[in-house]
1. Starting from the range 295-322, take each residue that is in contact (Cβ under 8 Å) with a residue 60 or more places away in the chain and list its partners that are of a type in the set (Val, Ile, Thr) and crowded, with 18+ Cβ neighbours inside 10 Å, counting only C-beta distances under 8 angstrom and pairs at least six apart or across chains.
2. Specify the residue that is nearest to Ala273 (Cα to Cα); the eligible residues are those in the range 297-352 that are assigned to a loop (DSSP other than H, G, I, E, B) and either among the aromatic types (Phe, Trp, Tyr) or not assigned by TED's automatic domain parsing to the domain that holds Thr287 (or both).
3. If we keep just the residues of the range 95-111 that are free of Cβ contacts under 8 Å to residues at least 24 places away in the same chain and part of a loop (DSSP other than H, G, I, E, B), which is surrounded by the fewest Cβ atoms within 10 Å (Cβ to Cβ)?
4. When you go through (1) modelled with pLDDT under 90; (2) surrounded by 10 or more Cβ atoms within 10 Å (Cβ to Cβ) one by one for Lys260, which number turns out not to apply?
5. Have a look at Val114, Val130 and point out the one that is β-branched (Val, Ile, Thr) and either outside any helix (DSSP H, G or I) or not assigned by TED's automatic domain parsing to the domain that holds Tyr69 (or both).
6. Pull up the range 141-155, narrow it to residues that are touching a helix residue (DSSP H, G or I) at 6+ places or on another chain (Cβ under 8 Å) and surrounded by 11 or more Cβ atoms within 10 Å (Cβ to Cβ), then point me to the one that is farthest from Arg50 (Cα to Cα).
Amino acid sequence: MQHVSACRHINPVVRLDVSKTALVADTSRHPFGLICDSHAQEIGTTASRRLRRGADFLAAVQFMVGAGYHPKAGRTTVQLAEIFAKRMARSSEGHFPFSAEATARELGLKRRAVYNHARYLRELGLVAYVEHGSKRNVLRTRYGSAWTREHGYRGTATLFAAVAPRMWDEALGRRIEGEGYTARQVGVTDAGRELAIAAAVDKQRRMRSLRQTEPVDNSGQCTPSVVVPQPRSSSSVGGGIKDRTRERACREKSPRHRAKGSTGWSAARTAAAMREARCVQLHTWWTQGSCVRQLAHSLRPFFEAGWSWEEIARELARWTVPLRPRHVASYVSSEIRRRVNTGQLFLPDGLIAPYRQPTTSTWDDNATRHGPRYAAMQALKARTFRPAAARAAAAFEEIRRILGRRAEPGPATTSSVCRVPGARPENVLLSSTEIASLVETHDPVVACETLWAQVDEAAEHRLDTEDRLGSWEYWPPAGPEPY
């Protein structure tokens with residue numbers, strides 16, 4: 001084995017001091033031989049047990065390197081182990097990838113130095129191979145004969161597992177059960193318990209000394225006891241604070257604002273609307289089964305206009321809905337707005353918000369902030385390209401004429417007779433009196449429960465009729481006729 005002073009790249013001054021390394025017991029009782037056989041550095045054949053926490057891995061590295069079991073391991077080896085400990089947090093098994101290029105850039109070393117210190121960790125039994133890296137292009141293997149140069153190149157990385165040699169566990173007084181990578185700690189000896197207590201006391205002492213040496217932060221506000229009292233101002237003495245309540249009481253009352261989300265409907269009015277909506281629901285097949293409260297809310301424009309439930313049911317019957325909507329209330333609200341804005345339904349102004357019409361502009365007028373600039377650009381084009389500018393101007397004039405024709409209001413459709421007060425003009429063909437007279441002279445409208453009862457009765461009658469027609473008697477076969 002080569003002497004330490006003969007290694008040129010190791011400075012004996014910067015090497016770890018064995019006397020200052022925590023938890024280093026008498027190592028003369030624990031002889032250790034370097035693991036130079038590459039076969040013993042695999043995860044399946046290693047004699048070290050696995051570690052899953054980076055703190056345990058760093059403690060094992062500091063112990064093994066500080067004890068001087070490897071003549072070439074030093075501060076750089078510990079720094080490499082610190083990088084490996086950071087990568088262990090990404091895996092629950094304590095595995096971490098090893099990239100020589102990335103690690104060399106992080107440590108500021110050459111690739112050969114990174115390889116050497118990784119070999120020192122393997123020889124100390126602190127790192128074991130999980131998977132060997134390869135320069136083979138895995139993309140070529142994945143795509144096979146379909147691989148092309150556009151797929152690129154990708155190699156496989158080396159995976160290491162953090163392990164701890166048995167010598168470290170024996171020096172710390174730990175009882176280990178099992179052999180190899182799957183071994184686990186089951187307890188400690190008396191000497192190990194004393195070392196653990198000494199380590200805990202030393203850690204507590206170091207933390208206490210660190211808290212005592214830290215400077216006191218006085219950047220915060222002073223306590224109320226040291227705040228200098230300020231003299232009272234003239235406003236507080238003259239009764240400014242005293243008369244604030246009177247001034248606030250004499251101030252003009254601002255109008256009471258309606259709460260956000262409120263519609264201004266009282267509880268009694270809402271209950272009456274729900275009763276009307278229930279009648280509408282019974283007489284309209286595609287609204288049955290929906291929420292009465294939501295249906296009453298969507299029918300509020302009709303209730304605001306003074307419509308009764310008979311008029312609303314007649315209007316909904318005119319919509320010719322082919323299928324039951326998934327959400328009845330949303331469909332009713334959207335259909336009312338669409339019909340009012342298209343002129344198919346007439347309600348008092350202000351009940352339904354009109355659709356917002358986008359402003360039409362050809363970008364060459366002063367209606368937008370780009371108008372003057374666009375006009376100047378068109379003038380420059382007219383001076384430079386006369387025929388093309390003339391055709392563009394003619395096209396713009398035609399577009400303006402078409403847009404102006406579409407913006408002209410159409411003829412207002414008015415009704416000669418308005419039967420419902422407050423509606424302009426009304427879209428219900430019969431008034432409330434006419435509907436009441438028809439209800440008196442004709443059969444009443446059958447509700448859904450009555451219809452279902454009639455359907456069940458008709459079905460039972462049909463089944464009884466089929467049973468009577470399908471009954472038969474057994475007649476024995478007749479004998480052969482005589483010749």
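1. Ala305/Val420; Gly306/Val420; Trp307/Val420; Trp307/Val428; Glu311/Val420; Glu311/Val428; Arg314/Val428; Glu315/Val428
2. Trp307
3. Looking at the filtered set, the residue picked out is Gly108.
4. (2)
5. Just a single option satisfies the conditions, and that option is Val130.
6. Trp147
Yes/no per residue for (1) at pLDDT below 65; (2) aliphatic (A, V, I, L, M):
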{"residue": "Glu335", "(1), (2)": "no, no"}
{"residue": "Gly350", "(1), (2)": "no, no"}
{"residue": "Pro372", "(1), (2)": "no, no"}
{"residue": "Ala393", "(1), (2)": "no, yes"}
{"residue": "Arg424", "(1), (2)": "yes, no"}
{"residue": "Asp443", "(1), (2)": "yes, no"}
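Per-residue answers, yes or no, for (1) under 28 Å from Leu172 (Cα atoms); (2) crowded, with 18+ Cβ neighbours inside 10 Å; (3) among the small types (Gly, Ala, Ser):
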| site | (1), (2), (3) |
| --- | --- |
| Ala89 | yes, no, yes |
| Glu93 | yes, no, no |
| His117 | yes, yes, no |
| Lys135 | no, no, no |
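The values are calculated or read from the model by the stated rules, or taken from the named source; none is laboratory data. Fair warning: this is a prediction, and the values are worked out from it, not measured in the lab. Note that each Cβ is placed from the backbone with ideal geometry, even for glycine, and that neighbours are counted across all protein chains shown.
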